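Step one of this worksheet: look at the structure below.
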Amino acid sequence: MADRPSKDAPAPNKDDSQKRQKDMIADHFDKLSRSKADGKKVVYTFVPGNLTELLLALDLLPVLPEINALQSGMRKKSGGYIAEAEKAGHSEDVCTYVKCDIGMIKSGNIGPTGQKLPEPDLLLLSYTGCFTFLKWFELLQHEYNCPVVMLHVPYQPDGVATPAMREYIVEQLENEVIPALEKLAGKKLDYDELSRRLALSRIAEDDLVAVWESAKHTPSPIDGYFGGVYYIGPIFSSFRGSQDAIDYYRLLRAEVEERIRLGQGPTTPDGRMDEQKYRLVVEGPPNWTSFNDFWHMFSKEQAVVCASTYTRVGGLYDQGFRHDPSQPLESLADYCLGCYTNLGLPSRIDLIEKYVREYNADGFLINSVKSCNSFSAGQLLILREIEKRTGVPGGFIESDLVDPRYFGKANIENRVQSFLQMLDARKTRMINAPMRSGPAVHV
Amino acid sequence: MSSSDFVSQVAPIKAADPCGALLQRCRTLVEDHELNHVKQWKAANPGAFVMGHMPIYAPRALVEAQGGLAVAVFGGGEEVDIIRGDSYFQSYICHIPRSTIELGLGGQLDVLDGMMFPSICDVIRNLGGMWKILFPNKYSAYVDLPQNFAQGIGGKFYAHELGRIAEEMHKFGAQKLEPEKLRQAMRDENLRRAAIGKLDELRRTEPHRCLASEAYLLVRAGGGLLAKEHAAMIEEFVLAAKKRDTRPRDNVRVVLVGAFCEQAPVDLIRALEKAGCDIVDDDFQLGMRMIEGDLDAEAEDPLLALAMGFIKKGAAVASRYIADEVKGKSLIDKVKASKADGVIFAAASFCDPALLDQPMLEVAMDEAKIPHTSFKYAENTGQFQVIREQAGAFSDAVKLWGQVE
Ligand code: SF4
Ligand code: SF4
């Protein structure tokens, strides 16, 4: 497929589900902009380990600064925000999501829909999978002077959630988090309402898993990374545990099943990708500042991503986890414990290996982002291990989440091209000598 | 760099210096990247368990209680050439994990039966996972330090965590944990803490008798010593230092913060001293000073007491959630307690906890009208001229105007 000369590749056409998601998000930001007038309380929190059902059960409105940062990246605002934060003394070495958020606050706190975001009434510091979260909300507390409530989620170094870990989280929920949220909401938590919301979450989670697993088909009806980041929007943010989420995922699943029936691929910046030359597994977050350009580097080569780890940061539903209305707090604890970056490196490697095999991938690619030590520290060992275990070649590229200075388009494109050529070479070798698997050499 | 080059560059030892021999011993220990002193200890204590640990804080008393020796691993500094380590970490990750991997793959850490990775940042956390893969026959423990500070919640969790580690160490060959032995190990830790307290007091009251670079060597040298032995060494130094024939200097007094994990080269500390700064407080090797007060060594449940030491007396460091205290208060208190004129923020490049903390601390210093300056370093930084000039300008400005424009 021909290259497109445009500076920014076109966005893919929108499916009905995507339009629906856009409406849901617009509605949520409308609610946020009216929150003070409507007497609603606003809680800022993070994606991994979010307690959305709990917030919704108490009529609290969530804001997720990570989502605002990524949206700022996509809207090409993040470069300015980061510069603003660095001017105010924030180091060039640290996570750019944090600096983007701080810069956005200093620039008037205008959210992705162009409306001003309300200030938080409380910061819910759910500390899952990343140490930067702790510092991020300390910084926001400095900006807003509002209360913070901490939920410390233990790490799973061996990929095992022990009863002691679960108990620790439940005790924090019962004794600290829920009382703080109740105080803010001005009412007691109705546990039946919490359970009802968790039951709604389950339904949406089932449909999301069906969407992920659809990528085991050939051609894959989805792109599990570039398209996948849209699919996780509602369930990773403010909608888990709502009827809106159920409706969205039902619609998405129906669209995906229809594509399977018709033998169609996903919509990409290069149109519908029915012909798929490469099947990839990707580790690491995407770059947001040149998102469509980045996707285009793959779609123009008919490379589809069938599974990715970034789309699991807000929950490993495809590994069996479901929220359980019969044990609401334990279930929230298990959810927080099981987010992808809360798993030890050996478990992350096991999971990626499983994806490479189960999704029948031709290649494995790491997008290592400068911002995020939570993801990035250890990725070079992940690369070696996956190559060793699967024989599938690995590629390694470097960029950043929202700092445009670290998206070297030509360099990344060269690396992607060499990586795909390596996959071609391996395929040719395997056709010529089908009994021998090719050497795994990464670029 | 050879050991003699290093010694000659670090600090001149006067023949008549009553602390000279001790400081020489400390230097030898600090430069012992082959861990020969640990090997000797192990040979003298056959079957004993040797547990390495990354900065900042690790429950060292637990290791001693189980008949073992805890060994602080502070990376490779400027002396270790990185050959393999760089191929494990991207350029935008700090230096200490790559030099630690280098030491591990190079066999210098073979004497360690296990490694503890305390939960202070994502890099050390992930390094713990890498260790499990690269050294599958060694014990690797992630120490999940609580961020909830209620006894019945975070205290209970951490005591359980310590119990788990004790059992796992036992499975790898350490003695079984017995309450009385843990009490004794905590008494020994208290001795070490008291000795370090005296050393710090000497630095604060008479910095000319104990340079920061010397205090640094003294504390760091104990990273691979039993607490009691380390305490005795420091006590001996404090007594000897009081006999030193030195005179007060016209230096500015500074507190240095942010260097709690990857260590600054000793020459860098010397460069700051030469630039006219008496570092009267710092957070190098913070682990040894992490617990600000005695552990309750007579408690009925010593494991809980060890946990509560961290919960109730843990220092306000960047990796710890400061629940009820105003950010920066602890640093302001330190500045006041040490009668410092200013603060130097010195963080390792790419160190998330230190660099994310710094802007908040800087605001707190501004509000308290405490002069401050900042720079970054790496453990293998070789050139200090720029830092020296910056520190010199800072010291002059503080002397002239009391604060920096
Ligand atoms: S370090 Fe990574 S996980 Fe943490 S806040 Fe930044 S981008 Fe998110
Ligand atoms: S220097 Fe900082 S970022 Fe690096 S391992 Fe140490 S605490 Fe973590």
In segment A:280-292, residues that are surrounded by fewer than 24 Cβ atoms within 10 Å (Cβ to Cβ) and under 14 Å from A:Ala215 (Cα atoms) total 0
When segment A:152-176 is checked residue by residue, the ones that are more than 19 Å from B:Ile120 (Cβ to Cβ) and either at pLDDT below 95 or open to solvent by less than 40 Å² (accessible area, probe 1.4 Å) (or both) are A:Gly159, A:Ala161, A:Ala164, A:Ile169, A:Val170, A:Glu171, A:Gln172, A:Leu173
In segment B:33-52, anything in contact (Cβ under 8 Å) with a residue 12 or more places away in the chain and open to solvent by 10 Å² or more (accessible area, probe 1.4 Å) is listed as B:His33, B:Glu34, B:Leu35, B:His37, B:Lys39, B:Trp41, B:Lys42, B:Asn45, B:Gly47, B:Ala48
Filter segment A:116-144 for residues that are open to solvent by 50 Å² or more (accessible area, probe 1.4 Å) and away from chain B (no Cβ under 13 Å); the one that is farthest from ligand 1 (Cβ to nearest atom) is A:Lys116
The residue that is most open to solvent (accessible area, probe 1.4 Å), considering only those in segment B:132-157 that are at the interface with chain A (Cβ under 9 Å from one of its Cβ atoms) and part of a helix (DSSP H, G or I), is B:Lys156
Report task. Determine whether A:Pro154 is facing chain B (nearest Cβ under 10 Å) and touching a residue at least 40 places away in the same chain (Cβ under 8 Å). Result -> yes
Within segment A:373-392, of all residues that are more than 8 Å from chain B (Cβ to nearest Cβ) and buried (at least 24 other Cβ atoms within 10 Å of the Cβ), the one farthest from B:Asp352 (Cα to Cα) is A:Ile386
Result of the Cβ filter at 6 Å on segment B:354-369, keeping first residues that are more than 16 Å from ligand 1 (Cβ to nearest atom) and partners that are aromatic (Phe, Trp, Tyr), at least 6 apart or interchain, is B:Gln358/B:Phe345
Filtering segment A:251-273 down to residues that are of a type in the set (S, T, N, Q) and crowded, with 21+ Cβ neighbours inside 10 Å yields A:Thr267, A:Thr268
Taking first residues from segment B:84-96 that are more than 7 Å from chain A (Cβ to nearest Cβ) and second residues anywhere that are polar (S, T, N, Q), the pairs with Cβ under 7 Å that are 6 or more apart or on different chains are B:Gly85/B:Ser99; B:Cys94/B:Ser349; B:His95/B:Asn380
Subset of segment A:104-162, residues within 16 Å of ligand 2 (Cβ to nearest atom) and among the small types (Gly, Ala, Ser), comes to A:Gly129
Checked A:Tyr230, A:Tyr225 against criteria (part of a helix (DSSP H, G or I), closer than 22 Å to A:Thr341 by Cβ and in contact with a Ser or Thr (Cβ under 9 Å, 6 or more places away or on another chain)); the one match is A:Tyr230
Taking segment A:338-390 and the residues there that are acidic (Asp, Glu) and in a helix (DSSP H, G or I), the one that is nearest to ligand 2 (Cβ to nearest atom) would be A:Glu385
Of the listed residues (B:Ser349, B:Ser395, B:Ser319), the one being farther than 30 Å from B:Leu182 by Cβ, in contact with a Cys (Cβ under 7 Å, 6 or more places away or on another chain), facing another protein chain (nearest Cβ under 10 Å) and touching a residue at least 40 places away in the same chain (Cβ under 8 Å) is B:Ser349
Those residues of segment A:334-382 that are within 12 Å of ligand 1 (Cβ to nearest atom), among the aliphatic types (A, V, I, L, M) and under 17 Å from the mean Cα position of the chain (by Cα) come to a total of 1
Practice prompt. Could you tell me whether segment B:268-287 includes any residue that is among the hydrophobic types (A, V, I, L, M, F, W, C), touching a residue at least 24 places away in the same chain (Cβ under 8 Å) and either open to solvent by 20 Å² or more (accessible area, probe 1.4 Å) or within 16 Å of ligand 1 (Cβ to nearest atom) (or both)?
Written response: no
Checked A:Gly111, A:Gly80 against criteria (more than 10 Å from every other protein chain (Cβ to nearest Cβ) and modelled with pLDDT under 95); the one match is A:Gly111
Only unsatisfied item for A:Val402, checking (1) open to solvent by 40 Å² or more (accessible area, probe 1.4 Å); (2) away from chain B (no Cβ under 11 Å); (3) within 16 Å of ligand 1 (Cβ to nearest atom), is (1)
Flagged pairs (Cβ under 9 angstrom, 6 or more apart or on separate chains; first in segment A:22-36, more than 22 Å from A:Leu252 (Cα to Cα) and of a type in the set (Lys, Arg); second open to solvent by 40 Å² or more (accessible area, probe 1.4 Å) and at pLDDT 95 or above) are A:Lys31/A:Asp38; A:Lys31/A:Lys40; A:Arg34/A:Lys40; A:Lys36/A:Glu119
task = Answer yes if at least one residue in segment A:90-99 is within 16 Å of ligand 1 (Cβ to nearest atom) and either closer than 29 Å to A:Leu189 by Cα or away from chain B (no Cβ under 12 Å) (or both), and no otherwise.
result = no
Out of (1) in a helix (DSSP H, G or I); (2) small (Gly, Ala, Ser); (3) open to solvent by less than 40 Å² (accessible area, probe 1.4 Å), the one B:Ala259 does not meet is (1)
Given (1) of a type in the set (D, E, K, R); (2) more than 10 Å from chain B (Cβ to nearest Cβ); (3) part of a helix (DSSP H, G or I), A:Asp324 misses just (3)
Only one of (1) crowded, with 23+ Cβ neighbours inside 10 Å; (2) at pLDDT below 95 does not apply to B:Arg84, and that is (1)
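The values are calculated or read from the model by the stated rules, or taken from the named source; none is laboratory data. Worth saying up front: this structure is predicted, and the values here are computed from it rather than measured. With ideal geometry, Cβ positions are generated from the backbone for all residues, glycine too; neighbour counts draw on all protein chains shown. These accessible areas exclude ligands, DNA and RNA; they are computed on the full protein's heavy atoms, side chains included. Shrake-Rupley method; radii C 1.70, N 1.55, O 1.52, S 1.80 Å.
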